[in-house]
1. Counting only residues that are surrounded by fewer than 20 Cβ atoms within 10 Å (Cβ to Cβ) and in contact with a helix residue (DSSP H, G or I) (Cβ under 6 Å, 6 or more places away or on another chain), how many does the stretch 199-220 have?
2. State whether the residues of the stretch 352-362 include one that is part of a loop (DSSP other than H, G, I, E, B) and touching a helix residue (DSSP H, G or I) at 6+ places or on another chain (Cβ under 9 Å).
3. Between 296, 279, which is crowded, with 24+ Cβ neighbours inside 10 Å, at pLDDT 95 or above and either in a helix (DSSP H, G or I) or in contact with a strand residue (DSSP E or B) (Cβ under 9 Å, 6 or more places away or on another chain) (or both)?
4. Only one residue in 143, 187 is under 22 Å from residue 326 (Cα atoms) and assigned to a helix (DSSP H, G or I). Which one?
5. Please work out which residue is modelled with the highest pLDDT, limiting yourself to the stretch 39-70 and to residues that are part of a loop (DSSP other than H, G, I, E, B) and more than 30 Å from residue 363 (Cβ to Cβ).
6. Which of the numbered conditions does residue 309 fail, given that it passes all the others? Conditions: (1) crowded, with 24+ Cβ neighbours inside 10 Å; (2) touching a strand residue (DSSP E or B) at 6+ places or on another chain (Cβ under 8 Å); (3) over 23 Å from residue 362 (Cα atoms); (4) free of Cβ contacts under 8 Å to residues at least 24 places away in the same chain.
7. If you go through the stretch 238-254 one residue at a time, do you hit one that is within 25 Å of residue 134 (Cβ to Cβ), outside any helix (DSSP H, G or I), in the same structural domain as residue 164 (by TED's automatic domain parsing) and touching a strand residue (DSSP E or B) at 6+ places or on another chain (Cβ under 6 Å)?
8. Being assigned to a strand (DSSP E or B) and farther than 19 Å from residue 245 by Cβ is the filter here, so list the residues in the stretch 190-213 that pass it.
């Protein structure tokens, strides 16, 4: 990859506008950004941004090879940087893009010549947020504590209450063990790429996720955890209420998700492990600092959760009805909690930390 940016005469840009006005074109170009990921936190004062130029017809990508052209960016509506010419692999790069502290919205333009005229395209707006108050905070072990009395009985009740039976005692025991293993697997995968990892025992510097029965008379609180921006206290406890899951799942699972009473035991293990694993990751996420409220922190709202209003007002990806792990509980649909894309048909879409939240975790626990 070349390290310099190329430029073209200003008159050439003026000629593009004339050509576009004179020649009707059926396709259009769009510049995509491939590095770095968009809508993330960064700690450096400048970044290198690169991507491709694509052609679309009827909003459908037509090809991506041999798209020789030019691209440039601007930051927060300021002046455009100098044009950069794509290389043999159709890659453009803007080197040393300066970032102010706080939220930076970048966008840009593309340009290329064709036998039918010159085509100008757009690089859609995206966010890179620069922060200078975050630093690596070492590793964070997490212990999943299933030792509380009554938890296994609640798990068995989920199986018997959401499947056609009868289920044997051996099947119920297998369900309990498999759900616990599935929760551990979900948690580890959610935090993959960070030094937040599972531990085999509690201790100093170990975060504990404690699974309890909870208040099943109200049937509304799935978990709780202290918020801790930058995770300054590594020895904390989050709680997940399995009895409340039983209460909700027996009432809602079949009526609000693609789950059926005729599902296999293995399918129900997957549903329940995903739902409980998501809440375990969610509550631990609060203790690690997600999603701290305020523009100088992580733009959380609704009691320190991903903010739908922020998502609506910005070129960001911070809310998705529960498919993002830190979405607020009252807006998280049960089909999303069990890792399904919609409420009627089986189509896997596992909950995950969106890029912004994951970038925060990677900074404090790389």
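The values are calculated or read from the model by the stated rules, or taken from the named source; none is laboratory data. Note that the structure is a prediction, hence the values are computed from the model and not measured. When we count neighbours, we look across all protein chains shown, and the Cβ atoms used for this are built from the backbone with ideal geometry, even at glycine.
1. Of the residues in that region, 3 qualify.
2. Yes: the stretch 352-362 contains one or more residues that are part of a loop (DSSP other than H, G, I, E, B) and touching a helix residue (DSSP H, G or I) at 6+ places or on another chain (Cβ under 9 Å).
3. None of the others qualify; the one that does is 279.
4. Every option except 187 fails the conditions.
5. Ranking the qualifying residues of the stretch 39-70, first place goes to 69.
6. All conditions pass for residue 309, except number (1).
7. Yes, there is a match, as at least one residue in the stretch 238-254 is within 25 Å of residue 134 (Cβ to Cβ), outside any helix (DSSP H, G or I), in the same structural domain as residue 164 (by TED's automatic domain parsing) and touching a strand residue (DSSP E or B) at 6+ places or on another chain (Cβ under 6 Å).
8. Answer for the stretch 190-213, where residues must be assigned to a strand (DSSP E or B) and farther than 19 Å from residue 245 by Cβ: 196, 197, 198, 207.
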